[in-house]
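**Student:** What follows is a structure written as structure tokens; I'll ask about it next.
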Amino acid sequence: MPGFELWGAEERKEVNDVLETGILMRYGFDGPRKGIWKSKELEQEICKKFGSKYAQLTSSGTSALTTVMAALGIGAGDEIIMPCFTFVASFESVLGVGATPVLVDVDDTLTLDPQAVKKAITPKTKCIMPVHMCGSMADLDALQAICKEHNLILLEDACQSIGASYKGKALGTIGAAGTFSFDFVKTMTCGEGGVIMTDNEDVFTKCDGYTDHGHDHLGVDRGADLHPFIGYNYRISELHAAVGLAQIRKVDKVLSIQKKNHQYLKNVLSQIPEVSFRRIPDPAGDSCTFLSWFLPTEEITRAVVNELKAQGILAGNFYWFDNNWHYIRKWDHLKNSITLNALHPELKAEVIKQANKNFSASDAIMSRCISTAIGLLWTDEQLKEKAEKMAGVIKKVLKEKAVAA
Ligand SMILES: *Cc1c(COP(=O)(O)O)cnc(C)c1O
């Protein structure tokens, strides 16, 4: 699943190029850097690989989202519709630009339910932000149609779905803009980092300035840059970009291993009639970082989780329903709107209202879902053993429950 599993000489070589010159910053120092521009090079490779006209690297996926929201003009008073199953970074970014996160239900794609999105639209809605969770996609045709009808911005949080696609286009390049995260556990990593992809030159230019204190990058040197607007420092460093350069060249390898292992595991679990799988709007585009599967009830799912644990094979199997990071149920800090400094009182009230809505439709899905992270280093024997053990656990629990019933 994460690119760090394939760490090696290629990453060290790229980092060493930077260490040779000692120029760790992505801008300036044209002479001493001796032609080494890792961040620029990585941006070009991202454009080429994923089919985006522009790419702006950032210090994290969170800062990529924050930056692009600002560049798209999303701010105070605007509502962003987003799913209640995601990583906390998604709503952090919305709050970071002072906008309102409108949380809505997910369906069996584990991403935004288009019907729930429609119901959540108000005159304040400005943007729909699907989160392509666990390596696979939201129903982008349906969401794009809604955006078109209501004149809304489609922003893709593709942080977890590097290398996945929808109808032949890379996730993250389909909406007005999209983001990847390159944090340590993502499909390709920079250690820390992120990127904004867009085909819109104006959005890109704004992202470029925003991530570097608003500098317009038009001066003869940095000191001569002007500031058309206020920005922040969300820059990536050359060391991080160097790691990313080695990693992006491994993405195809990562994807092919994932697809092979995913297919094997899915075949084994498919033989159990009670197991069903996440609906994937375009199966060919699944990056296969996870295999997400469902059991018939929450009770059975919990029993399977407990049995996986008892047999020492829970690692790599995620029961998001009980997870503190990814699902609304455990986001008490959001439900109570606990911030270190004051939010605008109206926003605070709205956050509390949004986070305490009824998400029973999502509960009914997430309480039955387990996602298995697909390893890159599994041997064929390990994969076979893992699949057989998991199938054994599921069958054992189903049998016990049938006897008890
Ligand atoms: C990882 C992730 C992010 C951004 O994470 P960073 O750790 O800040 O790079 C955003 N959204 C989702 C869904 C993620 O999984």
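The values are calculated or read from the model by the stated rules, or taken from the named source; none is laboratory data. Not measured: the values here are computed from a predicted model. No Cβ is skipped: glycine too gets one built from the backbone with ideal geometry, and neighbour counts run over all protein chains shown.
**Student:** Of ALA70, ALA64, which residue is more than 21 Å from ARG368 (Cα to Cα), outside any strand (DSSP E or B) and touching a Lys or Arg at 6+ places or on another chain (Cβ under 9 Å)?
**Tutor:** Of ALA70, ALA64, the one residue that is more than 21 Å from ARG368 (Cα to Cα), outside any strand (DSSP E or B) and touching a Lys or Arg at 6+ places or on another chain (Cβ under 9 Å) is ALA70.
**Student:** Something else: Pairs under 8 Å by beta carbon, first residue closer than 22 Å to ALA364 by Cβ and within 11 Å of the ligand (Cβ to nearest atom) in region 84-102, partner in a helix (DSSP H, G or I) and among the small types (Gly, Ala, Ser), six or more apart or different chains?
**Tutor:** PHE85/SER362
**Student:** OK, next. Out of the residues in region 124-182 meeting the condition of being within 15 Å of the ligand (Cβ to nearest atom) and either on the phi > 0 side of the Ramachandran plot or outside the structural domain of PRO83 (by TED's automatic domain parsing) (or both), tell me which one is surrounded by the fewest Cβ atoms within 10 Å (Cβ to Cβ).
**Tutor:** The extreme case among them is GLY163.
**Student:** If I go through region 183-202 residue by residue, how many of them are within 14 Å of LYS53 (Cα to Cα) and either within 16 Å of the ligand (Cβ to nearest atom) or among the charged types (D, E, K, R) (or both)?
**Tutor:** The qualifying residues number 6.
**Student:** Go through region 322-332 and report how many residues are buried (at least 18 other Cβ atoms within 10 Å of the Cβ) and more than 18 Å from the chain's Cα centre (by Cα).
**Tutor:** Result for region 322-332: 1.
**Student:** With the condition kept exactly as written, say whether any residue in region 371-385 is assigned to a helix (DSSP H, G or I) and over 19 Å from MET1 (Cα atoms).
**Tutor:** No, every residue in region 371-385 fails to be assigned to a helix (DSSP H, G or I) and over 19 Å from MET1 (Cα atoms).
**Student:** Only one of (1) closer than 14 Å to ILE196 by Cα; (2) within 16 Å of the ligand (Cβ to nearest atom); (3) in contact (Cβ under 8 Å) with a residue 40 or more places away in the chain fails for ILE80. Which number is that?
**Tutor:** (1)
**Student:** State the number of residues belonging to region 250-270 that are surrounded by fewer than 15 Cβ atoms within 10 Å (Cβ to Cβ) and closer than 30 Å to VAL18 by Cβ.
**Tutor:** Summing the residues that are surrounded by fewer than 15 Cβ atoms within 10 Å (Cβ to Cβ) and closer than 30 Å to VAL18 by Cβ in region 250-270 gives 3.
**Student:** Here's another thing I want to ask about it. Here is a list: GLU14, GLU20. Which entry is buried (at least 19 other Cβ atoms within 10 Å of the Cβ), part of a helix (DSSP H, G or I), over 19 Å from the mean Cα position of the chain (by Cα) and at pLDDT 95 or above?
**Tutor:** GLU14
**Student:** Oh, and also: Could you count how many residues in region 360-405 are within 15 Å of LEU265 (Cα to Cα) and among the hydrophobic types (A, V, I, L, M, F, W, C)?
**Tutor:** Counting residues in region 360-405 that are within 15 Å of LEU265 (Cα to Cα) and among the hydrophobic types (A, V, I, L, M, F, W, C) gives 12.
**Student:** Restrict the check to region 203-217 and report whether at least one residue is under 15 Å from the mean Cα position of the chain (by Cα), within 16 Å of the ligand (Cβ to nearest atom) and not small (Gly, Ala, Ser).
**Tutor:** No, region 203-217 contains no residue that is under 15 Å from the mean Cα position of the chain (by Cα), within 16 Å of the ligand (Cβ to nearest atom) and not small (Gly, Ala, Ser).
**Student:** Counting only residues that are aromatic (Phe, Trp, Tyr) and either in a helix (DSSP H, G or I) or at positive phi (or both), which one in region 297-321 is farthest from the chain's Cα centre (by Cα)?
**Tutor:** PHE321
**Student:** Name, by its number, the condition in (1) more than 28 Å from ALA158 (Cα to Cα); (2) in a helix (DSSP H, G or I); (3) of a type outside the set (Asp, Glu) that does not hold for PHE29.
**Tutor:** (2)
**Student:** Quick check on region 31-46. Is at least one of its residues assigned by TED's automatic domain parsing to the domain that holds LEU95, buried (at least 21 other Cβ atoms within 10 Å of the Cβ) and among the hydrophobic types (A, V, I, L, M, F, W, C)?
**Tutor:** yes
**Student:** Starting from region 274-297, keep only residues that are surrounded by fewer than 17 Cβ atoms within 10 Å (Cβ to Cβ), then list their pairs with residues that are of a type in the set (Ser, Thr, Tyr) and assigned to a loop (DSSP other than H, G, I, E, B) whose Cβ atoms are within a distance under 8 Å, requiring at least 6 positions of separation or different chains.
**Tutor:** ARG279/THR109
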